[in-house]
Structure formats: structure tokens, C-alpha cells
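Trainee: Questions regarding the structure given below will be posed in turn.
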Amino acid sequence: TFAQQGEIASRHYSMKDGLPDLGIDAVIQDRNGFIWLATYSGLSKFDGYTFTNFRNNPVSTNTLSTNRTTALWEDKGGRLWIGHAQGFDLFDPATERFVLHWADSGKGNIMVLRFKEMKDGKLWICTSHGIYIADTETLGIEKLTVHSRWTWDVAEWRDGSLLSANAGGGFYYENPKTN
């Protein structure tokens, strides 16, 4: 027998509906069911009906560092990690407050490309300047010495070794025990 193909209902959302930009780099659904979008013009929250947009406001301390957002991740506490062209911001959706703005001050602009949870609960941060590791509890961040500068993604093997995909093509295999 052949499976019948049913129609899937869909709706296209655009800037006319309140979306800040059509350029979207990341989408996640949080624990409360809200959809969060990392757009070229800021962070957008969608409740199924309307968009709430968060953009940089240079006269406010409760703002995105920059509007060009690139990556999203929700931690165990429900906070959103928002990667962008100058590092990342940490946002508490319950209070709608930005609680941390991070950039490695010695590196200039660091574009965050992806967040990925490690097996031990820490967070890989893939950037245009390599890989950082964040402790989501203490908010301590350290730079991992790897060979690739633009790191698009990482995978952790059972033995703790690391595969990192880089912008130059291919990937690096790193064994942190032997360097």
C-alpha cells in the first residue's frame, strides 16, 4: 500500500506581521512554548499570534549589544544565550532583562556562530575566533586552544576528544588529554 500524503497547513510570516527582518539565522522553542528567532535585525519572540522584538538601544542598559543575532540556546534555568556579531548576550525571558553582555575584550568583535551543550552540562561556544567553554552556572568562560579560527560546529566523542568543523573546509580532531 501507498501512504497517503496529507496536506500540511502552513502560514508564511513576514515583516508585515511584525517580524523584524526576513534574515533568520537560528530558531528555538523555549520550555514555555515561545518561538525565538535570531534575525539580522535583533531577537524576536513569537507567541503564535504576535512578535515581540528586542533590538539594540544605545541609551539603555537593558538591550542587545547589537542587532545582528546569529545563534540561540536555552539553558537549564530558562535563560536565553543570544549569539551575535560582537559576542553574546544572556537574556532572562521571565524578567525580560539582559543579565550579561560578553565579548572577549582582547579579540575585538567575536561572532558567535553556534552554542552546543557539552556532556558535562557546560556550553561550547563556536566563534569566529575559535571555541570557548562557558560554565552556565558560574558564567565563567575560557578559551579552548584549537587550531581552527572560524569554528562552525563541534562534536564531542565519548573519550572527551573533539571534532571541530572550520570555515576553511574539513575538520580538526583534538585530543585534550594529549593536546
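The values are calculated or read from the model by the stated rules, or taken from the named source; none is laboratory data. Bear in mind the structure is a predicted one, so any value in this text is a computation, not a measurement. All Cβ positions, even for glycine, are placed from backbone atoms using ideal geometry, and neighbour counts span all protein chains on display. Surface areas here come from the heavy atoms of the whole protein model, side chains and all, with no ligands, DNA or RNA. Shrake-Rupley method; radii C 1.70, N 1.55, O 1.52, S 1.80 Å.
Trainee: Which residues' amide hydrogens lie under 5 Å from the amide hydrogen of L64, considering only partners 5 or more residues apart or on another chain, with H built in the peptide plane?
Mentor: R55, N56, N57
Trainee: So, one more: Of all accessible surface on region 109-167 at a 1.4 Å probe, what whole percent is carbon and sulfur? Present the calculation step by step, with values, prior to reporting the outcome.
Mentor: Numbers: 1490 of 2940 Å².
Carbon and sulfur together cover 51 percent of it.
Trainee: Same structure, new question: Quick check on my link table: of K76/K143; K16/K122; K45/K76; K16/K45, which ones sit more than 27 Å apart, alpha carbon to alpha carbon?
Mentor: Over 27 Å Cα-Cα: K16/K122.
Trainee: State, as an integer percentage, the relative contact order of the chain based on alpha-carbon contacts under 8 Å between residues 6 or more apart.
Mentor: Over the chain, the number comes to 10 percent.
Trainee: For I131, enumerate residues with amide H under 5 Å from its amide H, sequence gap 5+ or separate chain, H modeled in the peptide plane.
Mentor: L144, V146
Trainee: Turning to a different aspect of this structure: Report the local net charge at F98: Lys and Arg +1, Asp and Glu -1, summed over other residues whose C-beta lies under 13 Å from its C-beta. Mind dumping the intermediate values first?
Mentor: Working: positive: R55, R79, R97; negative: D89, D92, E96.
Overall, the nearby charge balance is 0.
Trainee: Looking at region 20-127, which chymotrypsin sites (Phe, Trp or Tyr not before Pro) are DSSP coil and have at most 12 other C-beta atoms within 10 Å of their C-beta? Present the calculation step by step, with values, prior to reporting the outcome.
Mentor: On the way: sites: F34, W36, Y40, F46, Y49, F51, F54, W73, W81, F88, F91, F98, W102, F115, W124; in loops: F34, Y40, Y49.
Hits after loop and neighbour filter: Y49.
Trainee: A further question follows. Compute the FRET efficiency between N62 and E156 as 1/(1 + (r/R0)^6), taking r as their Cβ-Cβ distance and R0 = 45 Å, and round to the nearest 0.05. Display every interim value, and only then the final one.
Mentor: Values: r = 34 Å, r/R0 = 0.77.
In this case the efficiency is close to 0.85.
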